[in-house]
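Quick notes on the structure that follows.
The values are calculated or read from the model by the stated rules, or taken from the named source; none is laboratory data. If you're wondering where the values come from, they're calculated on a predicted model, not measured in any experiment. All Cβ positions, even for glycine, are placed from backbone atoms using ideal geometry, and neighbour counts span all protein chains on display. Just so you know, the surface numbers come from the protein's heavy atoms only, side chains and all, with ligands and any DNA or RNA stripped out. Shrake-Rupley method; radii C 1.70, N 1.55, O 1.52, S 1.80 Å.
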There are 2 protein chains.
Amino acid sequence: MDNTNDIDAALLADISTLEGSLAQRVYQAMKEAILALDFPPGANVRKAPICEKLGVSRAPVTEAIARLANDGLVDVVPQSGTHVSYFSMDEIREGVFLREALEVATVAKVARDITDDQLKKLSRNMRLQELLVDDDDTAGFYQADEEFHHLLMEFTGFQRLPDVAQTVSLQVTRARLLLLPTPGRVAETLEEHRALFNAIRNRDELAAQREMHRHIGQLLPRIAALQAEKPELFEKQ
Amino acid sequence: MDNTNDIDAALLADISTLEGSLAQRVYQAMKEAILALDFPPGANVRKAPICEKLGVSRAPVTEAIARLANDGLVDVVPQSGTHVSYFSMDEIREGVFLREALEVATVAKVARDITDDQLKKLSRNMRLQELLVDDDDTAGFYQADEEFHHLLMEFTGFQRLPDVAQTVSLQVTRARLLLLPTPGRVAETLEEHRALFNAIRNRDELAAQREMHRHIGQLLPRIAALQAEKPELFEKQ
DNA sequence: ACTTGTCAACTAACATGTTAGAATGATAGA
DNA sequence: TCTATCATTCTAACATGTTAGTTGACAAGT
């Protein structure tokens, strides 16, 4: 049987449909696999199977791995090997902190500057969220949730912000996938979004900051609970 | 005469004294040259002279350039060439926004959690700043200023924070070097730091946030004034 | 003058060969 | 049984050859 600890390159998505350079495509495919936990923490990342599966040479795979290392998703051991990074509560705490810093600043600016058109878009997203909660569509709500936060960042007019926010909290994103939808949590989240939306509509900067702080504050305790449930995904001390 | 628009690889620092992989060293050396404006905005970045000057092959230089592109310090045109990126007021505004978001969150946390030992370190830095202002040592003050902010981030206990803060505001760092020390500005800065320090010592989170906001708010108008003075460094519209 | 087209030169991107350091496991010695 | 050594076999890191796309100069046509 296959009791190695290698990643299964077969789980990589087909990169021929993606755009950009080969390195960019390989990066996307690998990132997706890591975030989806198809490549589990601790697994060896070997280039050869990846090259074979994707039909590319080592160069673009090497560049992709370098970027993933930069994102903190893999750890490269010089002259030795590369493995998918473990979860680390320290890193997750830091990710949440960074994420909150950016989101609070974002929502403050948005509350100050939002246009009627933007408010309309946000309102539409809110109604979508309500609809999805009514329909008990948890997966759909997850998407709308992401879009809600993405919209806010878009409204600042800053180009890199969404990407920076994503990058600094990649570990959080990965851990969040393990959080099974707790009964009632979806409705709670909707309430938090609604409070946020109301603060923004009222152009109440302080209230918006407070609500975002509260909203993101819900995350950490829930992730911390994971460590007890799935210790094998976390780094050894 | 040499009227090409190429970078002058001779301005690169010797990498043999640096540590880490060749790629890492080349990255550091090039980043330094770009931030010091030794490689001016718009200049072509050609690999060959860099390889020759540093005595390495194209591979580590390629990786270094990839990272610089990721930092937004160079623009890579596929299949064509690479040039040092121009200043962009949009990017600088975004850099200041991101930096402020992180610094405000940092100072809030520090005001909550600071230990006596940390307070002592910060106090020592404050006294150093005062001393340097008295001595009219502008360059020394610049360093102490950097250290002041770095200390605050260190005190959060978050490993990546200083690096993230630096990365998101690299353009700002580069532009800041052009700001000649306006008479009186150094003393003003010291006053702002003192207000910040007092708020932290009083563990007054809100005051600390307010002072940091005020402190960083001084930056943007001064950089904006640069655009009129040195339009050739800014991107063409 | 103002396109349009061709071509030469250059470059990033990619492929592949080479090197050197780390992990692993077998084996010898205690 | 345990430990130390050494050789094998990995790998990342680096060097270098190859490919294909872009640019810019210049010539020919309008």
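Shielding of A:130-142 by partners, i.e. mean partner chain Cβ atoms within 10 Å per residue?
Counting Cβ atoms of other protein chains within 10 Å of each residue's Cβ and averaging gives 0.
Just to confirm the numbers: A:ASP75, label point 7 angstrom along the Cα-Cβ line, distances to the other copies in nm, shortest first?
Once sorted, the set of distances for A:ASP75 reads 3.9 nm.
Please figure out what share of the DSSP beta bridges in the protein assembly as shown is antiparallel and state it in percent, rounded to the nearest 5.
If I count the DSSP bridges inside the protein assembly as shown, around 70 percent turn out antiparallel.
With the cut-off at 27 Å, report for chain B the share of all Cα pairs above it, as a whole percent.
Percent of Cα pairs beyond 27 Å in chain B: 43.
So what J values fall out for the stretch B:21-37 if you push phi through Karplus, 6.51 cos²θ - 1.76 cosθ + 1.60 with θ = phi - 60°, rounded to Hz, Gly and Pro as x?
5, 4, 4, 4, 5, 4, 4, 4, 5, 5, 4, 4, 5, 5, 5, 7, 6
What full-extension length gain, to one decimal in nm, is calculated for B:ALA69 and B:GLN159 as 0.36 nm per residue of separation minus the Cα-Cα distance?
Between B:ALA69 and B:GLN159, full extension yields an extra 30.1 nm.
Quickly rank B:112-119, B:71-78 as a protection proxy: mean count of other C-beta atoms within 10 Å, highest first.
Packing proxy ranking, top to bottom: B:71-78, B:112-119.
For label points placed 7 Å from Cα toward Cβ, what is the shortest-first list of nm distances from B:HIS213 to its copies?
For B:HIS213, the other copies' label points sit at 1.1 nm, shortest first.
Just the number, please: carbon plus sulfur as a percent of the accessible area of the stretch B:89-233, 1.4 Å probe, no ligands or DNA/RNA counted.
Percent of accessible area from carbon and sulfur atoms in the stretch B:89-233: 50.
Cβ neighbours within 10 Å, averaged per peptide: list A:175-186, A:198-209 in order, most packed at the top.
Highest to lowest by the protection proxy: A:198-209, A:175-186.
Step through the residues of the stretch B:191-206 one at a time and calculate ³J(HN,Hα) from phi using the Karplus curve (6.51 cos²θ - 1.76 cosθ + 1.60, θ = phi - 60°), rounding each to whole Hz and writing x for Gly and Pro.
Result, ordered by residue: 4, 5, 5, 5, 4, 4, 4, 4, 4, 5, 4, 7, 6, 9, 4, 5 Hz.
For the residue pair A:ALA10 and B:ALA10, what label-to-label distance in nm results when each label sits 7 Å from Cα along the Cα-to-beta-carbon direction?
Going by the 7 Å Cα→Cβ label model, 6.0 nm.
To one decimal in nm, how far is B:ASP135 from the same spot in the other copies, if labels go 7 Å from Cα toward Cβ? Please give the shortest first.
6.9
What residues have an amide H closer than 5 Å to that of A:ASP6, excluding those fewer than 5 places away on the same chain, when H is modeled at 1.01 Å from N in the peptide plane?
A:ASN44
State the extension gain, in nm to one decimal, for the chain segment bounded by A:SER21 and A:GLU235, taking 0.36 nm per residue of separation less the distance between their alpha-carbons.
Extending this stretch completely gives an extra 73.7 nm.
How far, in nm, would the chain grow between A:LYS47 and A:VAL77 when pulled straight, counting 0.36 nm per residue and subtracting the alpha carbon separation?
Taking 0.36 nm per residue and subtracting the Cα distance, the gain is 9.4 nm.
Quick query: amide H of A:SER85 versus all other amide H atoms, modeled in the peptide plane; which residues come in under 5 Å with a sequence gap of 5 or more or a different chain?
Amide H to amide H, under 5 Å and 5 or more residues apart or across chains, A:SER85 pairs with A:GLY42, A:VAL74, A:ASP75.
So what is the 222 nm mean residue ellipticity for chain B from helices alone, if each DSSP H run of at least 4 adds -39500 (n - 2.57) and you divide by all residues, rounding to the nearest 500 deg cm²/dmol?
Result for chain B, helices only: -21000 deg cm²/dmol.
Of A:LYS109/B:LYS109; A:LYS121/B:LYS236; B:LYS31/B:LYS53; B:LYS31/B:LYS230; A:LYS31/A:LYS230, which sit over 24 Å apart, Cα to Cα?
A:LYS121/B:LYS236
What is the residue of chain B with the smallest Cβ distance to the axis taking B onto A, and what is that distance in whole Å?
B:ALA101, 2
Can you pull the mean other chain C-beta count within 10 Å for peptide B:160-166?
3
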